Amino acid sequence: MVGLAADLFSLDKLKIIDVSNNSLTELPAEIGSAIGLVQVRAVNNQLAALPESFGSLVNLEDVDLSGNNLASLPHSLQKLVKISKLNMAGNNLTVLPASISALTRLTDLSFAKNSIREIEGDALAGLTNLSSIDLQQNELVTFDSVPKSQKLDQILLAFNRIEKLGNLERSPNISVLDLHNNKLTKLPDTVTQLFRMKTLKVSNNDLGDINPRIALIDSLVRISIEGNPLKRLKPAMRTAGAKVLKEFLAM
């Protein structure tokens, strides 16, 4: 299927549309008339842009447009204030736009597998309901747009180019922090204050040392640190597991 009939969106009771795994290059502007929609899935198509009318779908709660060719998002996206799940993974986006900041009901956000270099205007800071952020496989050099949230559970940032990490204190209840395959030379001290963290992945960075205060995080049961130029840890220690590593760091 390469196109959608415009009259499809005149159906009064249309709640869900799933047109995944086709060859769609666009969604018609008439989609904005289907204001009863709560879920839109158009995964693995060839969408190059979204119509501005997409912002008229004010009752949307779940949007999955992963696996397309989107290079930008309409400004009207900020009107989707009921949305809780947004998946834009596997597109051609270079910026996570400031308009995302208006989507304060978001719980799950994925912009993985894009080419994102910038998060505009600390766009994630006010998203206090977020539980998961997935920005893996992008081109971020800095990540400091952390939500001011008690609910955030995981931040996935693997396979970027991150050299600087900041503002983790905004989300003290993080349990999974995945930073493997980046360019970090040092972890910020705030990592050691994530006292509910269970998993820390920092393998294949440029870390020369590990803050021994990590040993004080009782909940931490999984650590991956291999592939770093760590000066005081023997190679065998780097793969020995969280329990052994924490005992060594506590000495």
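The values are calculated or read from the model by the stated rules, or taken from the named source; none is laboratory data. Everything numeric in this text was worked out from a predicted model, so none of it was measured. Don't worry about glycine lacking a Cβ; one is built from the backbone with ideal geometry, like all the others, and counts go over all protein chains shown.
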May I ask you to verify whether R161 is among the basic types (K, R) and closer than 26 Å to R105 by Cβ? no
Restricting attention to the range 180-231, the residues that are more than 22 Å from Q136 (Cβ to Cβ), out of contact with any Asp or Glu (no Cβ under 8 Å at 6 or more places or on another chain) and not charged (D, E, K, R) number exactly 8
Elements of type strands (runs of 3 or more DSSP E) contained in the range 174-251, each with 3 or more residues being modelled with pLDDT of 85 or more and more than 21 Å from the chain's Cα centre (by Cα): none
Condition first: of a type outside the set (A, V, I, L, M), surrounded by fewer than 21 Cβ atoms within 10 Å (Cβ to Cβ) and without any contact (Cβ under 8 Å) to a residue 40 or more places away in the chain. Now tell me which residues in the range 182-198 satisfy that. T185, K186, P188, D189, T190, T192, Q193, F195, R196, K198
Over 19 Å from L73 (Cα atoms), of a type in the set (D, E) and free of Cβ contacts under 8 Å to residues at least 40 places away in the same chain, is that true of E163? yes
Pairs please, first residue from the range 211-222 and more than 13 Å from N173 (Cα to Cα), second anywhere and modelled with pLDDT of 95 or more and charged (D, E, K, R), Cβ atoms under 6 Å, 6+ apart in sequence or on different chains. V221/K198
Of the residues in the range 85-117, those that are over 24 Å from Q46 (Cα atoms) and over 13 Å from the mean Cα position of the chain (by Cα) come to A98, S101, A102, L103, T104, R105
Can you pull out the residues in the range 133-146 that are closer than 17 Å to H180 by Cα and either touching a Gly at 6+ places or on another chain (Cβ under 8 Å) or buried (at least 16 other Cβ atoms within 10 Å of the Cβ) (or both)? I133, D134, L135, Q136, Q137, N138, L140, T142, F143, D144
Cβ-Cβ under 8 Å pairs, at least 6 apart or on other chains, the range 100-122 side modelled with pLDDT under 95, far side outside any loop (DSSP other than H, G, I, E, B): G121/A98; G121/S101
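Yes or no, residue by residue, for (1) of a type in the set (G, A, S); (2) in contact with a strand residue (DSSP E or B) (Cβ under 9 Å, 6 or more places away or on another chain); (3) over 24 Å from I155 (Cα atoms):
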residue: K15; (1), (2), (3): no, yes, yes
residue: S23; (1), (2), (3): yes, no, yes
residue: G32; (1), (2), (3): yes, no, yes
residue: L37; (1), (2), (3): no, yes, yes
residue: K79; (1), (2), (3): no, no, yes
residue: T94; (1), (2), (3): no, yes, no
residue: S101; (1), (2), (3): yes, no, no
residue: T107; (1), (2), (3): no, yes, no
residue: S115; (1), (2), (3): yes, no, no
Selection over the range 147-166 where residues are surrounded by fewer than 19 Cβ atoms within 10 Å (Cβ to Cβ) and touching a Phe, Trp or Tyr at 6+ places or on another chain (Cβ under 9 Å) yields a count of 2
A125 is checked against (1) outside any loop (DSSP other than H, G, I, E, B); (2) among the small types (G, A, S); (3) within 14 Å of the chain's Cα centre (by Cα) and fails just one. What number does that condition carry? (1)
